[in-house]
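Here the structure comes first, spelled out in structure tokens, and everything after it is commentary.
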Amino acid sequence: MACFSDRKNVFAALMAVVLIICLAFSGMFTAKIMGASGQLQPMPANSPFVPSGEPVEDHYFLCENENWKLYLKPETLSVLVMDKHTGEYMVSTVSEPCEQDLQAWKGFYQSGVVLEYIKGTNLNYTMADLVNTPNDIKLAVVEDGFWAEITYPELSISYRLVVTLDEYGVVAEIPQESIVEGDETFAVGCFYIFPFLGSVYEGSRDGYMFIPDGQGAIIELMDNEGRFTQPFSVPVYGSNIGIDDWSSSSMEFSYNESMEILMPVFGMVHSDTQMAFIGIIEEGDYFAKIEASPNGTLTLFDWVTAKFVYRQVYMQPTGQSSGGLLMRTERANNFDIKIRFDFVNGDQANYAGLAVRYREYLKEKGVFASADEEEFKVQVDFFGADKKNWALFKLNVNMTTFKQAGEIIETLKQDGVDGILSVYRGWQKGGVYGGLPTKGYTPAGNLGGKSELNNLFETAENNNAKIYLEHDPMVVNKETGLFESMNSIKRVTKKTFDIYWNGRVYDQAFLLTPERSLAISNNLAKSFEKNSVPGVALTNVTHMLTSYYYKGVYMDRGDNMKVYKELAEGLTNKILDRPYAYLWSEASAMYNLPIGGSSYTYTSSEIPFLSIVLSGQIPHYVEYTNFQANQKKFLLQLIESGAFPSFLVTHEDPFKLQETNSSDIYSSLFDLYRPKIVEMYNILKEVYGLTDGSPIIGHEMRGKLTRVIYENGTEIYLNYSEKPGSWDEHDLEGYGYQVVNKGREIGGEVE
Amino acid sequence: MKIKKNIRTAIILVVAFCLLTPVGVYAGAPYKTWTRNYEYDMTETQSAYEPFEEITKIGGELSLKEPADMRLGPDNNLYIADTGNRRVIVSTLEGELVRVISSEEMKMPKGVFVTQNGEVYVADELAGKILIYSSEGELLRTIGKPTHPLFGIAAFKPQKLVVDKRGNLYIASTGNTNGIIQLSPNNGGEFLGYFGANKTRVNLLTIFRKTFFSEAQLSRLADVVPITISNLGIDEKGLIYTVSQGDDILTLKKLNMAGINVLDADWYDEYPAAVTTNDYGNIFMASKSGFIYEYNSEGQVIFIFGSQDDGRQRVGLFNTVSGIVADHQGRLYVLDSVKNSIQVFIPTEFADLVHDAFVKFEAGRYQESKEPWQEVIQMNSLFSYANIGLGEALFREGGFTEALQSFRLGGSYKGYSEAFWELRSEWLHKNMIYFIIGIAVFFVVWNVLKLLDRRFAVLAPVKGQLQRVGDVKLVNHIMFMFHNIKNPNDTAYGIRFEKKASVGSAFIVLLIFYILFVWEKYFSGFLFKRVPDGYFDLVGDAMWVLSIFFMVTFCCYLVCTITEGEAKFKDLFIGFIYALVPFIIIKPFVIVMSNVLTYNEAVFITFANVIAYTYTAILLILTIKNLNDYSVKETFRTIFLTAFTVAIITLVLFVIYILVSQVFEFVSTVFGEVVYRFGLL
């Protein structure tokens, strides 16, 4: 034994020498820094800002259009936007700092723009504002706004802020080109632009903040008396799983993860002055975080903003089990910042008004151009096959063959269900898990093969149904896709991206590079077209964006996003699974959308913001009805949001899935769901017959009662309480609803 | 805490959910809800309770400060021990203030209880007293430390208490490991004795310590002292419930009048904080870290939900739970001593259905419970209790085939066995006659054939064929194993000197053994199978069988060579394998029987197994003895030495494994550093 330990020591010494050499060399490597290139437009010359006229809260008039007036406080670059019709305004800074707040925060909320930088190896973000940090601002006035070049001499960092006033409000930009890092010690971390726009001291006025959590949620402005400790701070488009540590808590298993942000928006509503804004991130959304800080968390103010992250900090593990170093990402993320603050007033100054504004914005951008007509259909998904273990090999578990699926569609048609959208999961050879990656058009022989699948397409078409084959070009089963492992991506830590499945059959998976996903998908798209597959349901890539390493090259979310967008473009007749907003323009319909939110302690109510935005524009289906514990409430939520229902059905009893990787499906037997599907279809058909694909223009809540107003004049009243209630002259039963349209009236109680 | 066992799998499950479109639950609640599956493991289900509201201020103005206990009064109000503010707050279920109870004497009210007549008992830890108030909040009397000689010098720091219908007090006192202090209502709280004490766990280590340690040494060890009872509950029948923190089993108890635990729960939590029951006898236990367990009156866990708020700030998570109340509407009120709030949970439609079915089922109204169970199954086909309940109902209706299926899905082995018994006897009734005819025909044909063979040798070609097969050397060697049954001594001789068996034949026999081993392991009848459905590990089994054989043979050979044994390694190897012949002969019958027998006849299987294993063991011993020409004494000495050698080698291998993995860890750390510094890969 002694001999053994001696050898170990020698070995350790050797390794230590290697390590020391490595460390010595490491000094030669320097951080990559950002610098301006030649293409940057020069600042307009000879147009300085000359304060004139009567100041409003120390802000001087700058420019105006027919709706808004823009005022500027030049020394802090704070803006004030005034509603020309009412004279009400919102300011981007706080004029009187609160004594109790920390000095750093005082600087933060008195500045129009704030930079957070990283100093050397110290990996905490430090704030550089325009009050506490010495700075030099060069200002130039243009016709509809101003340009400002901000330099922090001590940090050798400079950047340009461009602010424009247009008919809807204010647009602010920081082009990446303009960001200069002169000293490698100081690196740009994050930017905030007008973080305190519309902020309120300790809930001292009526109103709320809007956050895009799930469907959407609002945080009422009120004195919280320090009840909340942490602000809302959630990355847009989900966390960057290639960088963020995704399993920190030992009790991780017991939580349902909070909702991801699907749309890059946030808002503030001042109900008392009937003025509100919605912040829409136009560029840099994939590296932004939405932050809403109720009073008592960071400061005594309520404020909501977007934070743009150029450099992230992560943990580089050095050992097998523990230990690691904090690192910052090798290069800055590649994006320009562009954010618009669109203002609304009058009776539009509420969350529904903000949703309508966002919808109009998206329409102007042509986002819904490829969307299908919004005709009511019910989503009935089929689960095809999966694999289970047997002694010597794996067996197929057939849950719904193509023929059975056709029979189900026919049965539903006979029951009066006219209009079905259907995603077929596990249609391919190997089934849901065993079939990953699906590289070709290979319908499972055990489900009936190509000919039966073609029959199914035909049956579906004859019965006003459309089949979409599920398509996941990203996740690869380690066992069935071993050859693809050379195309797997690595995390920012340069360790492989292992995904663990809690399955009895397959337990590990990895992710393909976006390029490889694209190649597979394009290939498959051709096969689909050749075999006249009616539709494709694109999943997983629609709600996943990550920074990663592949063959030693670091790629960020922006690179990933471009490829996925191209991937989606390459498919025809596609519906998207819970897509992030950047992909909305590709969808003919969306499915698996959330119906609720994450219920944070500081949110006061959840609102169907997402549904209001999508209403009348694109068919959208929400999460499966199967797994809802409160079916009554769920049906009311559907009626309220105008979204379409979805079911997952199988011909066989789901207990057959117990030995497969899909053992989490505990309820799907068609025979049990048949009456439920028909009942829900009939109720919703009647309701949506009156709303008739028209967009929602108003939404209001009074306690447990809700009213929804449609553009075509339809009004829907809902009661979420078990006790009867009434909204003006509309009396509602417990769990009741009423739909009123030009004298016609339907309604009832949810059974 | 069995829940721990499942944490790893569950974490994996969550990670998987991050990336694959979740099919499962994501209803509003921030926590997952778990129930028992047919394999008695945790499995996820729909939300059973959803967060309804959080009461942070009673009556809109009174804030709580480190509240330590909460009970439901007969007036349907909540009684909250607002410890940090030295008062008891009475609140409606909606959070409206009813009254505040406080007095000079109240120093640190840690526990509170309200009797049927509205008297409020307060356990004051600092004052070391029980304070009794009228329903109007007027101090009626106090009870101090018992003066009874039997109570002696034990600590009296009342932490929690309950009072039964006769007015007896049951008090949990901080630092008193003797159990619950039971006081009579008479004579100013006469000491009646200790009740329901926890015991220390007995394991090998504690036995070892008790044998060799001195009193002084023992007193310094923490785990020789039983864990103290941390909270109490009482149900309608006057049964006392206790929870204790710091152990992994038996932390929840239901005590009968004699103070004996009558509850055998499926799952325990290591740090339970409070316990209560509801109108129909279900037990609710809240753990300090925020898990709420709902058990039925038997201790079977129905739902587990909730979790700790680790900064997520989502409604329905806890920081430190200190009390739980179940009201008559089925709502739950959970007190949090750090968040200083009461969180209210309402049952979902799913939980309401489950409760409805349970109430009927437990009252023995199986037929009535059928409908709600069916509705539950509609929402969750795999809900174990619903399948068992439905199985019971179907069984009583005579639908044995469906009942069998339901019992299997619910994991009820007893029910399955009974339904199978019925089905089998039905089958036998129908088919017995064919069975008998079949046997008769077989015998007739057999005898006729024999007769014909004797006269005309009709079977000669078959026999000749068999003879030729038997003449093949390998077959002959294999068949030699059956010789071992009757003549173990000859067998040894045959192996050693007559070369009647070869290594090749031994490997084939070992293969047969392996096939039977995996056949029994994976293809026994449902009632007798020990591995979960869908689990197969043939390679692992093969490694296991091979390594055990080689290890034992090798160790035995080593021992034999130094104890003047005569056997060669090859002989031992063949001998050991040939000693498995009883196993090989009997197991096929066992496997077939396991597929047709029920628990009523399980004794046959046990009996057959006993014969197989005993006979095999005897043959193994004889093999060692005969091959080495040992005396009985020498044989046993060899066996013990072999066992010891196996143990030592295993240990050495283990140590080597640890060292190698340390080296590996070190190398990969260096590699990690290199990767980090140079950006390799």
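Taken together, the values in this text are just the output of simple stated rules run on the coordinates, not laboratory data. What you are looking at is a predicted structure, and each value in this text was computed from that prediction instead of being measured. Using ideal geometry, Cβ is built from the backbone for each residue, glycine included, and neighbour counts are taken over all protein chains shown.
Phi-derived couplings, Karplus 6.51 cos²θ - 1.76 cosθ + 1.60 at θ = phi - 60°, listed residue by residue for the range A:718-726: 10, 10, 8, 9, 6, 8, x, x, 9 Hz, with x used for Gly and Pro. Rounded to the nearest 500, the 222 nm mean residue ellipticity of the protein assembly as shown from helices alone is -10500 deg cm²/dmol, with -39,500 (n - 2.57) taken per DSSP H run of at least 4 residues. With axes computed from alpha carbons, what is the tilt in degrees of helix B:602-628 against the longest principal axis of chain B, rounded to the nearest 10 within 0 to 90? Approximately 60 degrees, to the nearest 10. For the range A:386-392, putting each phi into the Karplus relation 6.51 cos²θ - 1.76 cosθ + 1.60 with θ = phi - 60° gives couplings of 9, 10, 10, 6, 9, 3, 9 Hz, in residue order, rounded to whole numbers and with x for Gly and Pro. A crude spin-label estimate for the pair residue B:498 and residue B:256, with each label 7 Å from Cα along the Cβ direction, gives 6.4 nm. Distance between Cα centroids, the range B:358-388 to the range B:322-345: provide it in whole Å. Answer, in whole Å: 28.
Can you tell me how the range B:132-280 classifies by the Cα gyration tensor, rounded, prolate or oblate, using a/c under 1.5 as the rounded cut? In terms of gyration-tensor shape, oblate.
Among A:704/A:742; B:65/B:157; A:562/A:685; B:57/B:145; A:494/B:288, which pairs are too far apart, with a Cα-Cα distance over 28 Å? Those over the limit are A:562/A:685; B:57/B:145; A:494/B:288.
A DSSP coil position with no more than 15 other Cβ atoms inside 10 Å describes the following GluC sites (Glu not before Pro) in the range A:350-438: A:373, A:375. Give the aspartates and glutamates whose C-alpha is closer than 18 Å to that of residue B:237, dropping any in the same chain fewer than 8 places away, or say none. Correct list for residue B:237: B:164, B:279, B:298, B:327, B:362. What separates the Cα centres of the range A:612-634 and the range A:676-742 is a distance of 14 Å. Projecting the Cα positions of A:677, A:648, A:44 onto the charge dipole of chain A (unit charges on Cβ atoms of Lys, Arg, Asp and Glu, taken about the Cα centre) puts A:648 furthest along the positive direction. Considering only trypsin sites (Lys or Arg not before Pro) in DSSP loops that have at most 10 other Cβ atoms within 10 Å, the longest stretch of chain A without any of them is A:1-550. Each residue in A:471, A:620 was given a count of other beta-carbon atoms within 10 angstrom of its own, and listing them fewest first yields A:620, A:471. Rounded to the nearest whole Hz, the Karplus-based 3J(HN,Hα) values (6.51 cos²θ - 1.76 cosθ + 1.60, θ = phi - 60°) of the range A:277-284 follow the sequence 10, 10, x, 10, 7, 8, 9, x, with x at glycine and proline. Does anything in the range A:682-725 have its amide N under 18 Å from the 7 Å Cα→Cβ label point of residue A:347, and if so which residues? Those under the cut-off are A:695-702, A:706-717. Proximity of backbone amide H atoms, modeled 1.01 Å from N, is registered between residue B:273 and B:286, B:287, B:288 at under 5 Å, excluding neighbours fewer than 5 places apart on the same chain. As a proxy for reagent exposure, ranking B:674, A:114 by other Cβ atoms within 10 Å from fewest up yields B:674, A:114. Each Cα pair under 8 Å and six or more residues apart adds its separation to the average, and for chain B the resulting relative contact order is 9 percent. The range B:238-316 and the range A:456-496 have Cα centres lying 44 Å from one another. Look at the dipole of the range B:389-499 built from charges on Cβ: of B:395, B:446, B:429, the Cα furthest out on the positive end belongs to B:446. The fewest-to-most ranking of B:107, B:253 by surrounding Cβ atoms within 10 Å reads B:107, B:253. A cut-off of 5 Å between modelled amide H atoms, ignoring neighbours fewer than 5 places along the same chain, links residue A:465 with A:420. Note on residue B:264 and residue A:100: with the Förster distance fixed at 56 Å, the Cβ-Cβ geometry gives a FRET efficiency of about 0.50. Based on Cα contacts under 8 Å between residues 6+ apart, chain A shows a relative contact order of 10 percent. Once backbone amide H atoms are built at 1.01 Å from N, residue A:266 has A:279 as its partners under 5 Å, excluding neighbours fewer than 5 places away on the same chain. Can you bin the range A:624-692 into rounded, prolate or oblate? Criterion: square roots of the alpha carbon gyration tensor eigenvalues sorted a ≥ b ≥ c, rounded for a/c under 1.5, prolate for a/b above b/c, oblate for the rest. Because a/c hits 1.5 or more and a/b exceeds b/c, the range A:624-692 counts as prolate.
Oblate is the label for chain A, because the ratio a/c of its alpha-carbon gyration tensor axes (a ≥ b ≥ c) is 1.5 or higher and a/b is not greater than b/c.
Bridgeable aspartates and glutamates around residue B:210 (alpha carbons under 15 Å apart, same-chain partners fewer than 8 residues away excluded): B:223. Can you list the lysines whose alpha carbon sits under 20 Å from that of residue A:439, skipping same-chain ones fewer than 8 residues off? Excluding near neighbours in sequence, the set is A:387, A:429, A:450, A:478, A:526, A:530, A:565, A:574. For the peptide B:660-671, the mean number of other protein chain Cβ atoms found within 10 angstrom of a residue's Cβ is 4.
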